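Only one structure is covered here, and it is reproduced in the block below.
The values are calculated or read from the model by the stated rules, or taken from the named source; none is laboratory data. Since this is a predicted model, take the numbers as computed values, not measurements. Cβ placement follows ideal geometry from the backbone for every residue including glycine, while neighbour counts extend to all protein chains displayed. Side chains are part of the model used for accessible areas, which takes the heavy atoms of the whole protein and leaves out ligands, DNA and RNA. Shrake-Rupley method; radii C 1.70, N 1.55, O 1.52, S 1.80 Å.
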Amino acid sequence: MIHSLFLVNASGDIFLEKHWKSVVSRSVCDYFFEAQERATEPENVPPVIPTPHHYLISVLRHRIYFVAVIQSEVPPLFVIEFLHRVVDTFQDYFGVCTEAAIKDNVVVVYELLEEMLDNGFPLATESNILKELIKPPTILRTMVNTITGSTNVGEQLPTGQLSVVPWRRTGVKYTNNEAYFDVVEEIDAIIDKSGSTITAEIQGVIDACVKLTGMPDLTLSFMNPRLLDDVSFHPCVRFKRWEAERILSFIPPDGNFRLLSYHVSSQNLVAIPVYVKHNITFREGSSQGRFDLTLGPKQTMGKAVESVLVSSQLPRGVLNANLNPSQGTYTFDPVTKLLSWDVGKINPQKLPSLKGTMSLQAGASKPDENPTINIQFKIQQMAISGLKVNRLDMYGEKYKPFKGIKYMTKAGKFQRCVWIAGSDRYYTNRASLIIVTS
């Protein structure tokens, strides 16, 4: 299936390559580099690129492109999911998935890739199994390996590899038994000038950190499970019980894992948590423009809107911006024309605002571009869809574990702008609120 894997950094250099079935020349990545040059943003590179003899399937994570070379036609999402699993494994092993971390642990990287794929087909992708096959690097283990010439490869076959639950190793023991679940949601929505929602949906995940002794059997129930559409489960979840009772029943992996991802598409259930009042104007024949922006919380159920960051791509004719923020700090890059305002936490009693003037080139006409406003934020202890966990029960073990649930609505990366001529439009993508002014 996968013949080769190339890792490309932000500068466009291939800093690591791995081949399984046969060696594929680096020149195949020229098609990827051409697509990268045509893309306006790094995220806009097509995930699937056909070439005369291969398909290039890529993902961008942590400013690194993971490019897989496929010779025959396969389901693209299958390869993309595997590439994401590779990134998650690197992050689990090294703490971060950066070019420096990969180069510092290049031997472990090749050992992991060799175990994760067998002749180009996925074999062991669960973190628990891999950690028994390949020991995570430590300073002491690295020193011993350097002196003795040994490797991180384990001497025994993982205990869970041949069991009916290959995602969990046997003989797990903990002094403190804990199970934590994080419900994280991101918003996609388009709202018109009057505040009416044109379209809205929520992408959510439930991440788990389970450290329980033995072989526990867990059930997780929700107060309103009918909210969830298009649900994708970890292999440990018993799908038939979910279909019949809308209850998650599973034997969890040991450690961190993603239990499920879901989609909420009903517009009536999506509440937009912030609102924006803006006035960005340019006068014909004048070298000055006006910038006026105010933020405020909306339908947050009393929860604070934190880590607010506002960015705006101003027109090319703007030379400088002289603004006065009532809260936080702002910067303006005269080369890229990017205005950034770090607001922090919104105080409902005193709404943050950014007001001032923009200087245009002398004799320049009124800018044709409509500036967009991108707002990122986080809301702790709140799931914007209203999803609530009812209870978590454990069977098969006699001890009583500590259980915790955390909710969060957070901003993602803005990837696409909606243009509707003749009126103002608000656009939110993954909880990033975008306003196109006209």
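Points worth noting:
- Solvent exposure of SER232, expressed as accessible area, is near 60 Å², computed with a probe of 1.4 Å over the protein chains only.
- Radius of gyration over Kirkwood radius for the stretch 231-319, both on Cα atoms: the Rg/Rh ratio is 1.24.
- Average projected area [Cα convex hull, the stretch 21-95], square nanometres: 5.6 nm²
- Whole-Å distance, taken between Cα centres, linking the stretch 195-233 and the stretch 1-55: 34 Å
- Legend: calculated FRET efficiency, SER340 to HIS84, from the Cβ-Cβ distance at R0 = 41 Å, rounded to 0.05, equals 0.90.
- Subset of LYS298/LYS337; LYS303/LYS410; LYS303/LYS345; LYS277/LYS337; LYS211/LYS400; LYS211/LYS398 violating a 19 Å alpha-carbon distance limit: LYS298/LYS337; LYS277/LYS337
- The stretch 197-276, Rg to Rh (Cα coordinates; Rh as Kirkwood inverse mean 1/r): 1.06
- Summarising the overall dimensions of the stretch 4-150 from its C-alpha atoms, the Rg and Dmax are 15.7, 50 angstrom.
- Ranked by solvent-accessible area (1.4 Å probe, protein heavy atoms only, all chains present), the residues CYS236, CYS209 order from largest to smallest as CYS209, CYS236.
- Extension gain, ASP393 to ALA39: 0.36 nm times the residue separation minus the Cα-Cα distance gives 122.6 nm.
- Each of ASN224 and ARG26 was given a label point 7 Å from its Cα along the Cα-to-Cβ line. The distance between the two points is 5.4 nm.
- Mean separation of Cα contacts under 8 Å (6+ apart) over length of the stretch 327-369, as relative contact order %: 28 percent
- Spread over its residues, the convex hull of the C-alpha atoms of the stretch 289-382 is 92 Å³ per residue.
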